[in-house]
1. Tell me which trypsin sites (Lys or Arg not before Pro) from the range 1-49 have a DSSP coil assignment and no more than 14 other beta carbons within 10 Å of their own.
2. For Cα pairs less than 8 Å apart in space and 6+ apart in sequence, what is the mean separation divided by the residue count of the chain, i.e. the relative contact order in percent?
3. Under the rule of at least 5 residues apart or a separate chain, name every residue whose amide H is placed under 5 Å from the amide H of Lys132.
4. Once you order the gyration tensor axes a ≥ b ≥ c over the Cα atoms, which shape class does the range 339-411 get: rounded for a/c under 1.5, otherwise prolate or oblate by comparing a/b with b/c?
5. Scan around Gly15 for amide H atoms under 5 Å from its own, H built in the peptide plane at 1.01 Å from N, and keep only partners 5 or more places away or cross-chain.
6. Arranged by the count of other C-beta atoms within 10 angstrom, fewest first, what order do Ile182, Ile5 take?
7. Of the listed values [x] 49; [y] 24; [z] 20, identify the label whose number matches percent of Cα pairs over 38 Å apart calculated from this model.
8. Nothing charged except the Cβ atoms of Lys and Arg (+1) and of Asp and Glu (-1): what's the magnitude of the dipole of the range 5-275 about its Cα centre? Round to the nearest 20 debye.
Amino acid sequence: MKKSITIALIYDFDGTLSPGNMQEYDFIPTVGMSSSDFWKETNKIASEQDADPILTYMSKMIHEAKFAGISLKKDSFRAYGAKVPLYSGVDKWFARMNAYAADRGIVIEHYINSSGLKEMIEGTPIAKEFKKIYACSFLYDVDGVAYWPAVAINYTNKTQFIFKISKGVESVYDSTLVNKYIPEEKRHIRFRHMIYIGDGTTDIPCMRLVKEQGGHSIAVYNPESVDDMRSCESLVKDRRVSYVCPADYTKGSNIDAVVKTIIDKIEIDTKLQKLMIQPIHKIIFATNNRHKLREVREILGGRYNLLTPNDCGIFEDIPEEQPTIEGNALQKARYIYEKTGCDCFADDTGLEVTALNGAPGVYSARYAGEKCNFQDNVDKLLRELSDKDVRTARFKTVIALIIGGKEFLFEGLVYGEIISEEIGVDGFGYDPIFRPDGFADTFAEMSSEQKNKISHRGIAVSKLAEFLTRDSE
């Protein structure tokens, strides 16, 4: 199965998805204050006591709620959050982006990274869209009433959550896994697969981090504010963000086009990455048969450097004494692995003819005797089928792979019939008398490219190649 690309869309909340600070829409009026007075007093306390502004506003909320006799339970916060307005198009944004990405084999995970309140965001109609909401939150007493800040996310420590998202660490408490070294290619979400959307100066550390690590940052502004637009445009000039867009999330809007284009770019970049020259892996193919070697090299391409037993100083005949095709493949692979200790694979192939009860089968290569050649085998088979009406047959290839000491089997089957005379000059073995089902030509009449797509060995080697590629990722 094709592995999906996972990307992260990470949003600030206040000023990004909503026009203003979430506390201003219901909470602050409920405690009998104006927004300007609330923030003025909060900033005054923080300045005079050299305190963190985020912790200060959270403390202020607790103080004012108690003074006004207002409940600070989670349900109350969520009720406040339900009244927070959203920018135009936000409600339909997530489903549209998810669908657009899915059509390109991409999965989007949406995250919030905000200095706003988690409990309020959980009350908004879009809360269900986020895999994780990283935001400020409170500790609650036995009665479920907020009494102290639990998480305070300010403008600089927000960056830690970018690393948590990258490494797949959802816990806010954790400080171990997030600091564990994980190579970029092994991370849950790579930085270049991140899109950070924020509303300006308060998100600069996060937007710049994502941008500098190869991801994409978008600064949004209130469409009704010229000052906000000019402030965001300066971020592009200072190379702190990649793009600037009005906070209009409707279909066909500027940000709609930008994010879709980034998704397209991620898809194309991933395809290009796969087309780049890959590391060449050495692996021993337990055969000195030049025909087999050529076929397998053509199917695997240039990503693998196939060595033969001769290349490794093994010149004796490799034993194949088992009564089954699977057994022979395993015996040959084990023989090479025991001799070299290197990753290796071996194949065994048999032609199984219905009228001959599956013969020549495991003895296909020596059907006419130990000293026979391919032509002797073909001649004997045609003689034995000369009076047979049923001429159906199948080729069967089994590949035994030993990698890291572990054994794996891959099978390829192709069905067809044995014709009455040899046709074609390409291929080898029984190819001139085997016509696969659904084709007018024998294997010997086909080009190597066409044969490799449908042949028993082609099918088995393709399974091997898919496994090796998946195992190396």
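1. Values: sites: Lys2, Lys3, Lys40, Lys44; in loops: Lys2, Lys3.
Answer by residue number: Lys2, Lys3.
2. Numbers: 813 pairs, mean separation 48.0, N = 473.
Reported as a whole number, the value is 10 percent.
3. Counting only residues 5 or more places away or on other chains, the set is Ile112.
4. Working: a/c = 4.77, a/b = 2.10, b/c = 2.26.
It is oblate, given that a/c is not under 1.5 and a/b is not larger than b/c.
5. Under 5 Å from the amide H of Gly15 lie the amide H atoms of Gly20, each far enough along the sequence or on another chain.
6. Working: Ile182 15, Ile5 19.
If I rank by nearby Cβ atoms, fewest first, I get Ile182, Ile5.
7. Here percent of Cα pairs over 38 Å apart agrees with entry [x].
8. Details: 34 positive and 36 negative charges, 222 e Å.
In debye, rounded to 20, the range 5-275 gives about 1060.
Values in this text are rule-based calculations from the coordinates and carry no lab data. Just so you know, these numbers come straight off a predicted model, no measurement behind them. Cβ coordinates were reconstructed from backbone atoms using ideal geometry, including for glycine residues, and neighbour counts include every protein chain displayed.
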